[in-house]
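For reference, the structure is listed below as structure tokens.
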């Protein structure tokens, strides 16, 4: 194998400024002058270089700058599903932000399957993309640390598990959001407030439950364990949890469901029990998905800035790809309470 | 420029079996034998070739076969938005089908902006992808014909406009679905049936309106123009259309909204008018999105097989990319009526 061929192979098949120079029959410095639009190049040479650049499928500006650094202009986006508002909103924010930077997402749905995700990320690393955004990774903190150690730039959105400091993570203020939701119910006069939590062991689940308990504690209200049910973020979980809570001898007058899906399930359980919402039972969700606006009544919920989280992940990733220094690798975006029709004073 | 370098440039920078041969220092025939797992290659040569194949970011099987034909393993997916069930379901079906074929989608959201879509498709054609799936194109039939004439393989999902025969299109049976929805209302005893149609000029809009009118005609019911309102597939359109219909001197006892978003708007207008659904007013939607299951009552609607449409587009596209003969380039997948709680006999 000749020496330049070897260098290309090591470069994982991506076109570099060196490839352009070789194919156009000019020096690397000349390609650089053309790509950076400097005047000291003859029109003929400029056109010859641009011809090769075009043939290599790159446009000018960011793409050309990327080319000069051996970039693909592609970012891997691994995400459990592309269905449902939670995922769609993150995806929408990320793809729009990528579009603005003349980059594209290579979409890799993982279905929460660990092996599938690992295989996808490995493939993304092999030179097919410049970096990755990993939404709700199923990989362990150790595996993600290994990935970071290999120098492949990536940003995690909403880590289910606590991750080492050096791994970039974009998330939302779960604790503050849950605390605000619970305080809202307390201010309305509720004292028996049930909660249906999310998947056990997840950061979001623990922070939301802690926020709920912190608000109760601050108000001097006993956090009764019988008022806590656990779910898995799906409609049937909210339904089952609420049925159990409403069957208690001293049932709650309000239920905080830790996402909007589960709040829809709580609404169903209330309807089945003949309870009016919010007259007999108040309900608060979490996420502010489209669902929250179409239920009757519309849901009081905690808004997560999901599109903004997708955008922020792109912004952080593109700085990492460019080799810029990033002051902090942890970004928590603020949640906020949105009061609609599903909450009122207790009966 | 040397002759092999020129050939590579013409090949738009994608790695071909020729590149692998050159880099591994073997013949093209040898690479072919290794890639197709034939026995007549020494272990050393096999390993050397596989080393280069790996360095070029390709795995074996489909990817290796693709490599031997100069493929990228990437498919462009232009889609107006990634938000909302309609788009998410098509996207979900397509990305899963691509995953099964060891291909990936490069996601290009267009926001219905014609210039943006044209630029994206042009970029996809320049060798960065093997083909494209174009969901609800904003390009004209003429522009799509030009694209087809250039030999770039693509499949359209849900063409808003009628397209020439030779352009592959996957869609759903809008006419039959709308006819079934209207027949269901007629069978319940409704005779004053309003409709809120979709965007003017779109194939789906015209076929659904025609299906509604065909059902009325078959039942000998006069299709009164005052019962037809037009919308744009969003919640406020259904709301506005229903308000106008309910304000008529002789208001309808049932409304067929041409998608579920607009049916949610009709539900709101009914609630504001103090009408019970389905006791005072029956409502039918179209799509069977997640929304249809979370409203109170849940919506009777026409199910579009959206995930299956995404899968079918991938299946058709991959045959086109492989150069297989395709018997028909038009696929219409069946819709079906799903009866839930929003329809009943008229009061």
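Within segment A:202-223, the residues that satisfy the criterion of being in contact (Cβ under 8 Å) with a residue 24 or more places away in the chain, within 24 Å of residue A:234 (Cα to Cα) and crowded, with 16+ Cβ neighbours inside 10 Å are A:202, A:203, A:204, A:205, A:207, A:208, A:209, A:211, A:212. On the basis of being farther than 18 Å from residue A:197 by Cα, under 21 Å from the mean Cα position of the chain (by Cα) and not in a loop (DSSP other than H, G, I, E, B), does residue A:262 make the cut? Criteria not met by residue A:262. Please go through (1) surrounded by 18 or more Cβ atoms within 10 Å (Cβ to Cβ); (2) touching a strand residue (DSSP E or B) at 6+ places or on another chain (Cβ under 8 Å); (3) not assigned by TED's automatic domain parsing to the domain that holds residue B:90 for residue B:340 and return the number of the only condition it doesn't satisfy. Evaluating residue B:340 over (1) surrounded by 18 or more Cβ atoms within 10 Å (Cβ to Cβ); (2) touching a strand residue (DSSP E or B) at 6+ places or on another chain (Cβ under 8 Å); (3) not assigned by TED's automatic domain parsing to the domain that holds residue B:90 leaves (1) as the failure. The single condition from (1) touching a helix residue (DSSP H, G or I) at 6+ places or on another chain (Cβ under 8 Å); (2) assigned to a helix (DSSP H, G or I); (3) in contact (Cβ under 8 Å) with a residue 40 or more places away in the chain that residue B:143 fails is (3). I'd like to check something: does segment B:162-183 contain any residue that is free of Cβ contacts under 8 Å to residues at least 60 places away in the same chain, buried (at least 18 other Cβ atoms within 10 Å of the Cβ) and farther than 22 Å from residue B:336 by Cα? There is at least one residue in segment B:162-183 that is free of Cβ contacts under 8 Å to residues at least 60 places away in the same chain, buried (at least 18 other Cβ atoms within 10 Å of the Cβ) and farther than 22 Å from residue B:336 by Cα. Filtered by the rule that a residue be touching a strand residue (DSSP E or B) at 6+ places or on another chain (Cβ under 9 Å) and within 13 Å of another protein chain (Cβ to nearest Cβ), segment B:299-310 gives B:299, B:306, B:310. Every residue in segment A:178-207 that is more than 24 Å from residue A:280 (Cα to Cα) and in contact with a strand residue (DSSP E or B) (Cβ under 7 Å, 6 or more places away or on another chain), please. Within segment A:178-207, A:200, A:205 meet the criteria. Mind telling me which of the residues B:55, B:5, B:15, B:64 ends up being at pLDDT below 50 and within 8 Å of chain A (Cβ to nearest Cβ)? Residue meeting the stated conditions: B:5. Here's a check for you: in segment A:291-315, which residue that is surrounded by fewer than 20 Cβ atoms within 10 Å (Cβ to Cβ) and over 28 Å from residue A:277 (Cα atoms) is farthest from the chain's Cα centre (by Cα)? Per the stated criteria, the residue is A:315.
The values are calculated or read from the model by the stated rules, or taken from the named source; none is laboratory data. These numbers come from a predicted model, not from an experiment. Ideal geometry is used to build each Cβ from the backbone, glycine not excepted, and the neighbour counts take in all protein chains shown.
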